[in-house]
Amino acid sequence: MPESGAKTPEPALEPLLVELAQPGRYGRHVRSNDAADIPEAFVRQAPLRLPELTEPQVVRHYTHLSQLNYSVDTGMYPLGSCTMKYNPKVNDRAAALFADLHPRQSYRTTQGVLALAYELEQMLAKITGMNFVSLQPQAGAQSEFTALLVFKAYHAKRGEAAQRRRIIVPDSAHGTNPASAAMCGYEVTTVKSDARGNVDLDALKGALGHDVAGFMLTNPNTLGLFEERVSEVCDAVHAVGGLVYGDGANMNALLGVTRPGDLGFDCIHINVHKTFSTPHGAGGPGAGPLCVKAHLRPFLPKPWIVKEADGSYHYDTAREDREPAGLGDSIGTIKQRLGNFGVLVRAYTYMRTLGEEGLVETSNDAILAANYLLARLRGRYQVAYDRTPMHEFVLTAAPQKRKGASALDIAKGLIDEGFHPSSVYFPLIVPEAMMIEPTETEPKETLDAFADALLRIADRVDTDAASLHDAPVTAPIRRLDEVSAARKPVLRWQRPA
Amino acid sequence: MSRNSNPYSPHTDDDRRTMLAAIGVDSVDELLTAVPANARRPKLGLPPGMSEMEVQAHLEQLAARNMKAGDGPFFIGGAIQRRYVPAAVPALAFRGEFLTAYTPYQAEVSQGTLQAVFEYQSLMAELLAMDVVNSSMYDGGSAVAEAAFMAVRATGRKRVVVGMEVDYTYRRTLRTYSRGPEVDVVEVPSAQLAASAAGAACVIVQHPDAFGTLVDVRPVADAAHAAGALCVQVTEPHACALLEPPGPLGVDIAVGEGQPLGIQMSYGGPHLGIFACREALVRQMPGRIAGQTVDVNGTRGFVNTLQTREQHIRREKATSNICTNEALAAIVAAIYVALLGPEGLRAAARAGATRAHALAARLAAIPGCEVANDGPFFDRFTLRTAMGGWALRNALLERGIQVEATAAHYVDGKRQGRDDVILQCTELTTAADVDALATAVGALARSGDAAMAR
């Protein structure tokens with residue numbers, strides 16, 4: 001019996017660690033014969049029932065688990081809005097060069113860190129058409145929240161803190177946008193999209209007023225469509241004293257195509273794990289640098305990197321590690337110093353590898369791939385808003401749903417065809433949405449194979465839609481019971497009472 | 001054919017021609033008509049690309065401008081600690097199947113991630129002796145801020161009391177986050193936390209605290225509960241192997257930085273926010289949670305669950321905005337704990353504590369030096385010297401020894417007068433490191449060099 005007494009009432013793909021363990025099994029990774037001198041009142045009384053395993057067991061366990069995953073390294077992973085491009089291996093090796101550094105080290109011992117970060121800030125500013133960059137946010141959502149704090153500080157500086165209580169988001173926005181706004185204490189107003197998939201400009205103007213702090217816009221939007229009246233949108237927000245936030249999730253479409261700063265955005269975040277090829281790590285880590293125009297700089301998180309004429313670097317705070325008595329207008333600190341630096345090193349390595357021409361080619365090829373794939377599918381699948389997309393596009397499986405197979409069924413059918421499914425049921429404004437982003441690193445043969453798979457599935461829907469309800473049948477496991485998982489949550493392995 | 005500018009691009013010129021023809025255009029630019037003409041095709045002013053060999057050399061040159069922690073005696077620690085990482089940790093966690101997957105939206109092809117995260121939750125729940133652990137927050141700092149926001153939601157109160165001995169980076173993030181929903185953050189010395197709970201959403205205590213001092217959490221939790229507030233404990237994973245963990249202390253939400261569990265320091269990130277709570281609070285919890293279920297055949301499997309808390313479903317009513325998290329770091333932490341086991345984890349924790357106590361005794365014997373903690377400490381302590389902490393830190397740096405001064409920990413003049421250094425020990429602290437530090441401090445104390453004090 002397992003040490004914990006955990007039982008396995010049903011077959012399992014791979015035992016849990018606790019089911020593999022036996023008391024007395026352990027490796028010798030760290031050894032200490034010392035006796036720690038801890039006052040009795042503080043000593044752990046609770047049992048510490050961690051599994052005891054040998055290294056070979058642990059290696060096999062995690063190797064087996066990894067083999068149950070689909071990944072970019074194993075195949076095409078066309079999750080819309082996620083930019084699952086190839087993640088170059090040299091980036092990981094570059095990051096390892098900076099692994100043994102503590103964020104509380106002196107700037108004097110970390111000149112290479114500061115030089116890299118400073119150059120990265122410069123490159124991101126040039127790509128986005130912004131003036132200054134904060135590397136602190138650790139993901140897109142944290143960057144949204146950071147930017148909204150910046151908005152709040154900006155309005156407060158102008159004596160309008162109490163007045164500007166609302167953030168406007170389009171109905172096509174990522175869920176993080178309204179969630180960030182609410183978390184930042186704002187009321188959220190949602191405006192609808194028009195028939196061409198743009199923000200409805202009249203609806204936006206109707207929602208705007210002098211109580212608006214800002215507007216959050218993804219461009220290209222979550223339909224994969226470039227906002228056709230983006231400058232008018234930005235002008236309308238600015239006309240009432242609001243600020244325009246750019247959600248940079250779809251920046252992979254814009255490298256050298258256009259700069260958000262030239263379109264009227266006041267700031268934009270970058271998901272470096274999307275556009276700049278850093279691995280998504282089964283859900284994270286990412287990094288979300290925030291790029292702003294000069295008028296928002298005073299409010300950016302501290303500290304800032306300063307470059308001296310002699311090529312040396314330091315932080316702007318008076319004594320490098322001390323928070324100054326006043327932060328000036330800065331919102332404070334989101335993450336000590338430079339955020340997820342290990343992720344940022346990977347992005348920097350990618351940008352230096354590709355250079356300007358390679359980055360421009362990246363967006364060209366991403367747009368080419370999406371439009372090609374759409375050309376192959378148009379006719380058999382209905383396009384949600386049928387105009388030229390950028391780097392991704394959204395289909396609606398509503399016609400298939402009427403024949404008995406939903407977007408979810410089609411997604412599961414793709415698994416049996418050997419592909420990771422697209423994003424489904426997002427954006428929320430499209431019924432039975434299928435959001436497909438092929439990225440620039442899939443060869444034409446793979447794009448064709450993916451299109452062929454989706455066309456075969458369309459045929460199946462026409463002839464035997466019900467057969468898709470059983471999909472997937474070739475994955476490690478069949479469809480899972482999510483309802484009972486939520487109704488009677490089991491959130492850790494079970495131990496006997 | 002022309003060479004691609006992006007070395008990872010697969011397309012030949014023929015491919016591109018065929019694809020453009022299928023679309024019905026002659027060039028990609030014809031697909032960009034929605035982009036305002038006056039803002040189309042800017043020159044970016046970026047450097048040209050490099051070969052992999054060139055870029056590797058460039059990164060090595062940059063890295064050579066740093067002094068790595070391992071380049072000399074190293075005593076900086078706190079939230080982020082230099083610890084031994086077993087070889088199997090990166091070998092497993094950085095397998096492409098984990099590294100290059102994303103959020104397990106499609107559970108049938110993501111069981112590796114989901115089970116690994118479920119096991120992480122289980123291991124952390126055991127270590128912290130808490131009911132529920134989520135799949136990760138960004139880092140310790142954002143976990144503290146999210147804990148405060150969760151307490152505000154759960155109690156309907158907007159005042160948060162935090163101990164001044166909570167790590168300064170966490171307090172800074174908490175203050176910054178709190179500007180959004182205008183939560184009132186009150187900082188008091190840890191000794192006054194119990195007396196400050198009235199009207200608070202939560203009381204936040206760190207044990208062991210930022211300076212390594214052991215803190216009696218029970219009276220703080222009791223006082224918080226008597227006042228209708230929650231008790232949030234900031235803790236450290238290795239300490240929990242030896243010290244009574246948050247659950248039995250009466251803590252409602254336990255948070256901490258998970259980096260010491262096999263994750264590289266990497267100048268501050270990516271790391272791991274540990275977030276745990278009592279079962280009764282789980283529907284107020286931020287972030288993803290993996291849960292166990294079965295498939296249609298009855299085979300055990302795992303899914304993301306309780307998702308109606310999350311932004312992609314609940315939008316502005318979500319418990320948090322977090323989407324991308326630190327799943328890979330959670331997998332690293334689980335692999336680390338699985339490899340070390342309970343005895344290995346205790347051994348690593350004991351090594352840090354024992355070496356810190358031995359180092360403290362040795363330094364305290366030097367005239368003019370004293371240990372400045374307010375009580376017993378765990379695996380780090382503060383050292384007070386005549387020359388002051390900032391000057392000592394800089395003088396030691398001149399000698400290739402890296403320590404942290406306490407100056408950064410004090411804000412807006414509070415607790416001024418403490419100008420010490422903090423010395424963290426772990427299993428990587430060697431006898432030679434200790435000798436080097438003791439010798440240098442002894443020499444500096446004898447020299448009494450006034451110039452050092454500036």
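Tabulated data for the structure shown
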{"read-out": "Residues of segment B:298-330 satisfying the condition of being free of Cβ contacts under 8 Å to residues at least 24 places away in the same chain and closer than 29 Å to A:Q22 by Cβ", "value": "B:G298, B:T299, B:R300"}
{"read-out": "Residues satisfying the stated conditions in segment A:54-80, i.e. surrounded by 22 or more Cβ atoms within 10 Å (Cβ to Cβ) and not aromatic (F, W, Y)", "value": "A:V58, A:H61, A:L65, A:S66, A:L68, A:N69, A:S71, A:V72, A:P78, A:L79, A:G80"}
{"read-out": "Criterion: within 10 Å of chain A (Cβ to nearest Cβ), more than 24 Å from A:F145 (Cβ to Cβ) and surrounded by 24 or more Cβ atoms within 10 Å (Cβ to Cβ) - qualifying residue of B:M130, B:M137", "value": "B:M130"}
{"read-out": "One residue from A:D171, A:D202 being within 29 Å of A:G80 (Cβ to Cβ), in contact with a strand residue (DSSP E or B) (Cβ under 8 Å, 6 or more places away or on another chain), surrounded by fewer than 19 Cβ atoms within 10 Å (Cβ to Cβ) and not hydroxyl-bearing (S, T, Y)", "value": "A:D171"}
{"read-out": "Flag for B:G262 being buried (at least 24 other Cβ atoms within 10 Å of the Cβ), on the phi > 0 side of the Ramachandran plot and in contact (Cβ under 8 Å) with a residue 12 or more places away in the chain", "value": "yes"}
{"read-out": "Residue that is surrounded by the fewest Cβ atoms within 10 Å (Cβ to Cβ) [pool: residues in segment A:438-497 that are away from chain B (no Cβ under 14 Å) and β-branched (V, I, T)]", "value": "A:T463"}
{"read-out": "Answer residue from segment A:367-392, given it is assigned to a helix (DSSP H, G or I) and closer than 16 Å to B:R41 by Cβ and is nearest to the chain's Cα centre (by Cα) among those", "value": "A:I367"}
{"read-out": "Helices (runs of 4 or more DSSP H) within segment A:403-497 that include 3 or more residues closer than 28 Å to A:T275 by Cβ", "value": "A:407-416, A:444-464"}
{"read-out": "Filter result for B:A333 (in a helix (DSSP H, G or I), more than 7 Å from chain A (Cβ to nearest Cβ) and either over 20 Å from the mean Cα position of the chain (by Cα) or touching a residue at least 60 places away in the same chain (Cβ under 8 Å) (or both))", "value": "yes"}
{"read-out": "Any hit, segment A:358-368, residues being in contact with a strand residue (DSSP E or B) (Cβ under 7 Å, 6 or more places away or on another chain), under 30 Å from B:T12 (Cβ atoms) and not assigned by TED's automatic domain parsing to the domain that holds A:F151", "value": "no"}
{"read-out": "From the options A:H314, A:H269, A:H295, residue that is within 21 Å of A:Q336 (Cα to Cα) and surrounded by fewer than 24 Cβ atoms within 10 Å (Cβ to Cβ)", "value": "A:H314"}
{"read-out": "Conditions (1) touching a residue at least 60 places away in the same chain (Cβ under 8 Å); (2) surrounded by 22 or more Cβ atoms within 10 Å (Cβ to Cβ); (3) in a helix (DSSP H, G or I); number of the one not met by B:R346", "value": "(2)"}
{"read-out": "Residues (buried (at least 17 other Cβ atoms within 10 Å of the Cβ) and farther than 15 Å from B:G156 by Cα) located in segment B:189-200", "value": "B:S190, B:L193, B:A194, B:S196"}
{"read-out": "Options B:S142, B:S135; residue that is within 17 Å of B:H271 (Cα to Cα), in the same structural domain as B:G250 (by TED's automatic domain parsing) and not in a helix (DSSP H, G or I)", "value": "B:S135"}
{"read-out": "Count of segment A:83-96 residues which are touching a residue at least 24 places away in the same chain (Cβ under 8 Å) and surrounded by fewer than 20 Cβ atoms within 10 Å (Cβ to Cβ)", "value": "3"}
{"read-out": "B:V203 crowded, with 23+ Cβ neighbours inside 10 Å and modelled with pLDDT of 95 or more", "value": "yes"}
{"read-out": "When residues of segment B:361-393 are limited to those that are out of contact with any strand residue (DSSP E or B) (no Cβ under 8 Å at 6 or more places or on another chain) and outside any loop (DSSP other than H, G, I, E, B), the one surrounded by the fewest Cβ atoms within 10 Å (Cβ to Cβ)", "value": "B:A361"}
{"read-out": "Any hit, segment A:149-167, residues being in contact (Cβ under 8 Å) with a residue 60 or more places away in the chain and polar (S, T, N, Q)", "value": "no"}
{"read-out": "Wholly enclosed strands (runs of 3 or more DSSP E) of segment B:202-320 bearing at least 2 residues within 12 Å of chain A (Cβ to nearest Cβ)", "value": "B:273-277, B:290-294, B:300-304"}
{"read-out": "Hits in segment B:352-372 - residues which are closer than 21 Å to B:E427 by Cβ and of a type in the set (A, V, I, L, M)", "value": "B:A353, B:A356, B:A358, B:L359, B:A360, B:A361, B:L363"}
{"read-out": "Residues located in segment A:40-74, provided they are among the aromatic types (F, W, Y) and either out of contact with any strand residue (DSSP E or B) (no Cβ under 9 Å at 6 or more places or on another chain) or part of a strand (DSSP E or B) (or both)", "value": "A:Y62"}
{"read-out": "Helices (runs of 4 or more DSSP H) within segment B:10-124 that include 2 or more residues farther than 30 Å from B:L423 by Cα, more than 7 Å from every other protein chain (Cβ to nearest Cβ) and not β-branched (V, I, T)", "value": "B:13-23, B:52-63, B:88-93"}
{"read-out": "Per-region count, segment A:20-34, residues surrounded by fewer than 20 Cβ atoms within 10 Å (Cβ to Cβ) and of a type outside the set (D, E, K, R)", "value": "5"}
{"read-out": "Every residue from segment A:352-366 that is under 23 Å from B:I23 (Cα atoms), of a type outside the set (G, A, S) and within 22 Å of the chain's Cα centre (by Cα)", "value": "A:L359, A:V360, A:T362, A:N364, A:D365"}
{"read-out": "Scope segment A:367-383; condition among the hydrophobic types (A, V, I, L, M, F, W, C) and either under 14 Å from B:A21 (Cβ atoms) or buried (at least 23 other Cβ atoms within 10 Å of the Cβ) (or both); matching residues", "value": "A:I367, A:L368, A:A369, A:A370, A:L373, A:L374, A:A375"}
{"read-out": "Qualifying residues in segment A:1-39 (those that are among the β-branched types (V, I, T) and outside any helix (DSSP H, G or I)) - the one modelled with the highest pLDDT", "value": "A:I38"}
{"read-out": "Failed item in (1) surrounded by fewer than 24 Cβ atoms within 10 Å (Cβ to Cβ); (2) touching a residue at least 40 places away in the same chain (Cβ under 8 Å); (3) part of a loop (DSSP other than H, G, I, E, B), with A:A282 passing the rest", "value": "(1)"}
{"read-out": "Residues (of a type in the set (K, R) and under 17 Å from A:G413 (Cα atoms)) located in segment A:429-467", "value": "A:R456, A:R460"}
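The values are calculated or read from the model by the stated rules, or taken from the named source; none is laboratory data. Computed from a prediction, not measured in an experiment: that's the story for all the values here. Backbone-built Cβ (ideal geometry, glycine too); neighbour counts: all protein chains shown.
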